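> Next up is a structure, given as structure tokens.
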Amino acid sequence: MSLPATQEQWVNERVTTDSFDGLIYQADAPLPKVGDTEVLVKLSGASLNFRDLIIPRGKYFFAMALPVIAGSDGAGTIVAVGPHVTKWKPGDKVVTLFNQGHQRGMISVASSKTGLGGCLDGTLRQYGAFSQDGVVHMPTNLGFVEAATLTCAGLTSWNALYGLRRLEKGQTVLVQGTGGVSLFALQFAKAAGATVIATTSSPEKGEFLKKLGADYIINYREDPHWGETARKLSQNGEGVDHILEVGGQGTMAQSLDAIKMEGIISLIGILSGSGQVPDIMQVLTRICTVRGVYVGSKEQMEEMVKAVEEHDIHPVLDKKVFTLETAKDAYEYMWAQKHFGKVGIKIE
């Protein structure tokens, strides 16, 4: 197929702490050159994460190298391959890997500096050149925008449940709220035969969580001691096996109250902001593991894709899907917390 000479893209050019003014739209940017071991992907879908919102505001705490093309999450079709590519061919549908250098095992300092949209050019563009090792097969049961959500939120959830100690059937998982990571974790946990306890502040969202498969709903506004409640709901009242901690400082104390002896708290987010910081020695008194999770490896992503296909799991997308040209509106929409589930972007 013939390729255009230019493309549309969004670039994080500079930090502006109180706005997204440093996120710049370019209507006639050049297409990237394809290296010997790279593939050129015509991107058809992308999605946003909280990370995408805080990078242009200078609040991201991992490595960045501005200016950089924004976005980590992308799905599309390979349209060209470098001369030394052995793993792909034109026509293959693929999803981007978040940290391009994290292929398997534990993340290293070097691979932590290969994040798309932070250090390496990302996915908010029409065409992207990526290492042949930096993409995975797209699930056959998903559309492009759905598939794009797997890159960050999906893989983070999978790593939390399977990266350190694998989730087992019959265990109990606690998820917080209705963000992308939590909703993926709920779906993955139910597919594995686990019991899921979900916290929320809204009866309406609670009903949705039940429809998605949550076994128990706790309204944390009505129950400030929801950690104790979750413990009582767990098997034999012994505590929760896996907790996906997305709140951070404001919710960690309750997570420590809920966790089972030898359970795992996967620390993923800092959404709650304020709150009393628990004494670190509680990790000893609770005999648990608190683990930071930074997305996951290609090996884990390939395993996750197989599970998505096997169980026909579909990501929860917000009802409003944006276009590439209106991507900054998607940033504002998500920053204003108007979304429910993942914010998707369709790329023409």
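> For the chain, modelled as a Gaussian network with Cα springs under 10 Å, which listed residue fluctuates most, His84, His102, His311?
Its mean-square fluctuation being the largest, the pick is His84.
> 7 Å from Cα along Cα→Cβ at both Met106 and Ala27: what's the point-to-point distance in nm?
For the pair Met106/Ala27, the computed spacing is 5.1 nm.
> Additional query: Give me the dipole magnitude in Debye, nearest 20, for the chain about the Cα centre, with unit charges on the beta carbon: positive for Lys and Arg, negative for Asp and Glu.
Result for the chain is approximately 240 debye, rounded to the nearest 20.
> Angle check, please: helix 203-212 long axis (alpha carbons) against the longest principal axis of the chain (alpha carbons), in degrees 0 to 90, nearest 10.
70 degrees
> Step through the table entries Lys42/Lys342; Lys87/Lys113; Lys211/Lys319, compare each Cα-Cα distance with 19 Å, and write down the pairs that go over it.
Lys42/Lys342; Lys87/Lys113
> Could you give the angle, 0 to 90 degrees to the nearest 10, between helix 180-191's Cα long axis and the longest principal axis of the Cα atoms of the chain?
The helix 180-191 is inclined about 70 degrees to the chain.
> Here is a further query. Taking each pair of distinct Cα atoms in the stretch 136-284 once, what is the resulting Kirkwood hydrodynamic radius in Å?
15.5 Å
> A follow-up question, please. Per 0.36 nm of contour for each residue apart, how much would the distance between Thr37 and Lys211 grow if the chain were fully extended, relative to their Cα-Cα spacing?
Value of the extension gain: 58.2 nm.
> Here is a further query. At 0.36 nm per residue, and after removing the present C-alpha to C-alpha distance, how many nm does the segment from Thr323 to Thr6 gain when stretched out fully?
Between Thr323 and Thr6, full extension yields an extra 112.3 nm.
> Using all Cα-Cα distances in the stretch 71-211, what percent lands in each 10 angstrom bin from 0 up to the longest?
For the stretch 71-211, the pair-distance distribution reads 11, 34, 33, 18, 4, 0.
> Along the three principal axes, how long is the stretch 201-331 when you take its alpha carbons, biggest first, rounded to the nearest angstrom?
50, 36, 28
> Take the chain, drop everything but the C-alpha atoms, weight them equally and run the Debye formula without solvent; then report log10 I(q)/I(0) at 0.06, 0.08, 0.09 Å⁻¹ to two decimals.
Rounded to two decimals, the profile gives -0.21, -0.37, -0.47.
> Is it possible to state the helix-based mean residue ellipticity at 222 nm for the chain, with each DSSP H run of 4+ residues giving -39500 (n - 2.57), the sum divided by total residues, to the nearest 500 deg cm²/dmol? What is it?
Value at 222 nm, helices only: -6500 deg cm²/dmol.
> Next question, about the same structure. Build a GNM of the chain with springs between Cα atoms under 10 Å: which of Gln337, Gln126, Gln235 gets the top mean-square fluctuation?
With Cα springs under 10 Å in the chain, the top fluctuation among Gln337, Gln126, Gln235 is at Gln337.
> Could you give the length gained by full extension between Ala336 and Asp223, i.e. 0.36 nm per residue of separation minus their alpha carbon distance, to one decimal place?
Taking Ala336 through Asp223 to full extension adds about 38.1 nm, to one decimal.
> Tell me, how many Å apart are the Cα centres for the stretch 136-157 and for the stretch 59-105?
After rounding, the separation between the Cα centres reads 13 Å.
> Which of Trp226, Trp335, Trp88 moves the most in a Gaussian network model of the chain with Cα springs under 10 Å?
Of Trp226, Trp335, Trp88, the most mobile in the Gaussian network model is Trp335.
We did not get these values from a lab; they are worked out from the coordinates using the rules stated. Computed from a predicted model, the values in this text were never measured in an experiment. So basically every Cβ, Gly included, is an ideal-geometry build from the backbone, and we count neighbours across all protein chains shown.
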